[in-house]
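Only one structure is covered here, and it is reproduced in the block below.
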Amino acid sequence: MATNYETHEYDVLVIGAGGAGLRAAIEASAAGVKVGLVCKSLLGKAHTVMAEGGMAAAMGNVDDRDNWKVHFADTMRGGQYVNNWRMAELHAKEAPARVHELEAWGAVFDRTKDGKILQRNFGGHKYPRLAHVGDRTGLEMIRTLQDHGIHQGITVHMEYTIISLLQDGGRVVGAFGYDRERGRFRIFKAKAVVLSTGGLGRAFKITTNSWEGTGDGVSLAYHAGAELLDMEYIQFHPTGMVWPPSVQGLLITEAVRGEGGVLRNKDGKRFMYDDIPDNYKSQTSTDPEEGWRYTQGDKNAKRPPELLTRDHVARCIRREVKAGRGSPHGGVFLDICWIKEKIPNSAEHIKKKLPSMYHQFMQLANLDITKEPMEIGPTTHYAMGGIRVNGDTQATNVPGLFAAGECAAGLHGANRLGGNSLSDLIVFGKRAGEYAAKYAQENSAGQINDAQVEAAAREALEPFDRGATTAANIEGPYQVQYDLQSMMQELVGIVRLENEMSRALDGIGKLKERAAKIAVYGHREYNPGWHTAIDLKHLLTISEAITRSALDRKESRGGHFREDFPDKDPAAAKYNNVLSKAADGSMKLRHEPIPALPEHLKQVIEEMK
Ligand code: FAD
């Protein structure tokens, strides 16, 4: 009987305790409803804590020409105009207030000489816009939100994994999961649920994402009937570590380039000058001296080509490596130590501006970045696609279900600008919390269906049954997970081709069959094999969604690059790909026309040109 499982009851249940989840929980709690917050790991361990570069908000502290209109136009251009323009508008308008709110709650930002929040340059942002705390901005954001949230009466369930959403008719009325420590099942009843489960980088072999980034929220929402949007757009960050192998993929913040770091191939050439896209030519410097002045805050200088958008920089690096001009371990060189030619105490300067990077390379690669260039290469970083939401309320198409943060889609279009995620979390986390609380106040609790709960429990435990009965010739979850990640990396990665993606789709079908037969051994307490087996369903679901969307989009745009269709197709700029689960359980794709920009936003884009 489902009623035998320990049950917690809330008005609003927030799944995920990164920046988006914490901000949503704080807002819902402030509205006077009872809030529960569940997270897979310990509080403070979400991806948000890893964010280094900063949060984008047009406060104009360093360059007073900045304002919401410029930020809006930059976000739309970066997203290649397939963004949800309403989200881009709200984000640009509300981010400064959300950053000031963090400051009021105790966040200790770096400062300008006259005491304002300091803002740094980042790729695709016209003016210095990223509020930051050295290169530990995410840590400060999480610390501040946790400190503030802890006084709001939010109940936190750490180390709980949600494995399914519970529904009453179509409406979401709770969630079902297990505690990772004991392996015991739990029911969470709620009038409204907010998904804020972060990204899905673990679908690929080389990624900046931790073990938690398995796309759970996107998959949970999809299986509950929510629509997914823009799944083809994956951001491959240009600068991940390539050596040593144990840390391959680990992020090197864009702030290194923002502070003057340059990219060189094995011949020492700054190859980024070789290919500057037409739509960025007017803003990009071809003079190294001018590029350096830009990074040092010269308002009249143009940005260096190293600060072009991430998709473009990542492809240029891949080009150099493929042409045999790469570094010894298959990347290129990122050089910040060269600034000793410009700054007297450059080593101290680098350590002050980029403390985490300095330590990361010293400890993991035994390399002093103040003296030697780093070896770097592209790494899977961020999902622009995810759960389709209403721009104002963050509601999905499933009643009672909301989503915010990286697992939600729309704001970033085909490509996210650096720094626009942290601000996304606080702008739309707040909105999700506000509207979920409103929904909970307007609706009574739904019924938990025992059969649904039992089916979810049975499915979760099946791998144990197989382990107990068939010891020989049976696979564990790790091999299936590894094969999926390798295949996605190879066939649906940074450069895509029709025949390769078709092979990937067939491969996903076969991996699903293998996943249905995997076995796990041992008991339920802290059993990582079992946890991996459960996560596989999510990884397979999102991999299929990414591949289907990418196959359908026969053009190149932002984080989706097709070698067989390298140009943009103006007709394809008019729609987004939307995926949903059909009645027969198959994944269906449709084109959703992008609503026309309203006149006042058209004017903003015109003005900014
Ligand atoms: P996360 O912070 O990823 O949190 C997800 C939460 O969901 C976690 O608490 C997790 O435990 C929980 N969860 C997941 N699945 C389940 C489940 N099944 N059951 C229960 N709980 C679950 N962006 C910027 O704007 N600026 C930067 O400088 C920047 N730097 C970055 C550096 C790195 C190394 C990385 C990886 C990302 C960076 N990003 C940056 C991106 C940004 O940090 C993330 O997009 C953002 O933090 C995601 O926040 P979130 O709240 O959506 O999810």
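The values are calculated or read from the model by the stated rules, or taken from the named source; none is laboratory data. Predicted, not measured: the structure shown is a model, and the values here were computed from it. Cβ sites come from the backbone with ideal geometry, for glycine too, and all protein chains shown count toward neighbours. Ligands, DNA and RNA are excluded from the accessible area calculation, which covers all protein heavy atoms including side chains. Shrake-Rupley method; radii C 1.70, N 1.55, O 1.52, S 1.80 Å.
Could you give the nm distance between label points at Ala596 and Gln152, where each point is 7 Å from its Cα heading toward the beta carbon?
4.0 nm
Could you list the residues of segment 346-361 with an amide nitrogen less than 19 Å from a label point located 7 Å from the Cα of Glu372 in the Cα-to-C-beta direction?
Once the point is set 7 Å along Cα→Cβ of Glu372, 347-348, 350-351, 356-361 turn out to lie under 19 Å by backbone N, inside segment 346-361.
How high is the FRET efficiency between Asn4 and Asn443 when r is their beta carbon distance and R₀ equals 25 Å, given to the nearest 0.05? Intermediate values should be presented prior to the final figure.
Values: r = 27 Å, r/R0 = 1.07.
Efficiency for this residue pair is about 0.40.
What angle, in degrees between 0 and 90 and rounded to the nearest 10, separates the Cα long axis of helix 477-491 from the longest principal axis of the Cα atoms of the chain?
40 degrees
³J(HN,Hα) across segment 334-348 via Karplus (A = 6.51, B = -1.76, C = 1.60, θ = phi - 60°), whole Hz, x for Gly/Pro?
For segment 334-348, the Karplus-derived couplings read 10, 10, 9, 5, 4, 5, 4, 5, 10, 10, x, 9, 4, 4, 5 Hz, x marking Gly and Pro.
How large is the helix-only mean residue ellipticity at 222 nm for the chain, computed as the sum of -39500 (n - 2.57) over DSSP H runs with n ≥ 4, divided by its residue count, in deg cm²/dmol to the nearest 500?
-11500 deg cm²/dmol
Under a Cβ-Cβ cut-off of 12 Å, what is the net charge of the residues other than Pro305 that fall near it, where Lys and Arg count +1 and Asp and Glu count -1?
On the way: positive: Arg257, Arg270, Lys281, Lys302, Arg303; negative: Asp274, Asp275, Asp287, Glu290, Glu306.
Within the 12 Å Cβ shell, the charges total 0.
Within segment 1-99, what whole-number % of the accessible surface is contributed by carbon and sulfur, with the 1.4 Å probe and all protein chains included in the calculation? List each step's numbers first, then the result.
Values: 1490 of 2990 Å².
Carbon-and-sulfur percentage of accessible area, whole number: 50.
Quick one: compute the contact order of segment 59-211, relative version, from alpha carbon pairs under 8 angstrom and 6+ residues apart, as a percent.
14 percent
Mind scanning Lys45/Lys205; Lys40/Lys93; Lys126/Lys342; Lys205/Lys574; Lys281/Lys430; Lys510/Lys581 and naming the pairs with a C-alpha gap bigger than 29 Å?
With Cα atoms farther than 29 Å apart: Lys40/Lys93; Lys205/Lys574; Lys281/Lys430.
What accessible area per residue comes out for segment 453-588, rounded to a whole number of Å², with a 1.4 Å probe?
Averaged over the residues of segment 453-588, the accessible area is 45 Å².
Taking only C-alpha pairs under 8 Å that are 6+ residues apart, what is the relative contact order of segment 546-609 in percent?
Dividing the mean separation by the residue count of segment 546-609 yields 22 percent.
Helix 85-104 sits at what angle to the longest principal axis of the chain, using alpha carbons and giving 0 to 90 degrees rounded to 10?
Helix 85-104 sits at roughly 80 degrees to that axis.
Could you check the simple spin-label distance between Arg514 and Asp114, using points 7 Å along Cα→Cβ, in nm with one decimal?
Taking the two extended label points, one gets 6.1 nm.
Pairs of Cα atoms under 8 Å, at least six residues apart: use those to get the relative contact order of the chain, whole percent.
Relative contact order here is 22 percent.
Please report the antiparallel percentage of the DSSP beta bridges confined to the chain, to the nearest 5. Don't skip to the answer; put the middle values down first.
Details: 44 of 68 bridges.
Antiparallel bridges make up about 65 percent of those DSSP assigns within the chain.
Starting from the residue with the highest accessible area, list Tyr439, Tyr294 in decreasing order, probe 1.4 Å. Walk me through the numbers on the way to the answer.
Values: Tyr439 45, Tyr294 20 Å².
Sorted descending by solvent-accessible area, the residues read Tyr439, Tyr294.
In segment 282-318, which trypsin sites (Lys or Arg not before Pro) fall in coil by DSSP and have 12 or fewer other Cβ atoms within 10 Å?
Taking segment 282-318 and a limit of 12 other Cβ atoms within 10 Å, the loop trypsin sites (Lys or Arg not before Pro) found are Lys299.
Assuming R0 = 41 Å, what is the FRET efficiency of Met362 and Glu607, from their Cβ-Cβ distance, to the nearest 0.05?
Values: r = 46 Å, r/R0 = 1.13.
Between Met362 and Glu607 the formula returns 0.30.
Over segment 396-484, what percent of the accessible surface lies on carbon and sulfur atoms, probe 1.4 Å?
For segment 396-484, the apolar C and S fraction of the accessible surface comes to 49 percent.
Using only Cα atoms, tell me the angle between helix 355-365 and the longest principal axis of the chain; keep it within 0 to 90° and round to the nearest 10.
The two axes meet at around 80 degrees.
Residue by residue through segment 592-597, which ³J(HN,Hα) values in whole Hz follow from phi under the Karplus form 6.51 cos²θ - 1.76 cosθ + 1.60 (θ = phi - 60°), with glycine and proline marked x?
Values, residue by residue: 10, x, 7, x, 5, 5 Hz.
If ligands, DNA and RNA are left out, what is the accessible area of His591 with a 1.4 Å probe, given in Å² to the nearest 10?
Roughly 90 Å² of His591 is accessible to a 1.4 Å probe.
Going from the alpha-carbon gyration tensor of the chain, what semi-axes, largest first and in whole Å, does one get by taking the root of 5 times each eigenvalue?
Value: 37, 27, 24 Å, ordered largest first.
Leaving out ligands and nucleic acids, note down the accessible area per residue over segment 309-430 with a 1.4 angstrom probe, in whole Å².
Accessible area per residue, segment 309-430: 32 Å².
Skipping prolines and chain starts, which residues have an amide H placed within reach, meaning under 5 Å, of the one on Val14, given they are 5 or more residues away or on another chain?
Gly36, Leu37, Val38, Val194
So if a site counts as exposed when it's one of the GluC sites (Glu not before Pro), its DSSP state isn't H, G, I, E or B, and it has at most 12 other Cβ atoms within 10 Å, what's the longest stretch of the chain without one? If you can, show how the numbers build up before the last one.
On the way: sites that count: Glu181, Glu525, Glu563.
So the longest stretch without any such site is 182-524.
Using 0.36 nm per residue, how much length does the chain from Arg182 to Ala347 gain when fully extended, once their Cα-Cα distance is taken away?
54.6 nm
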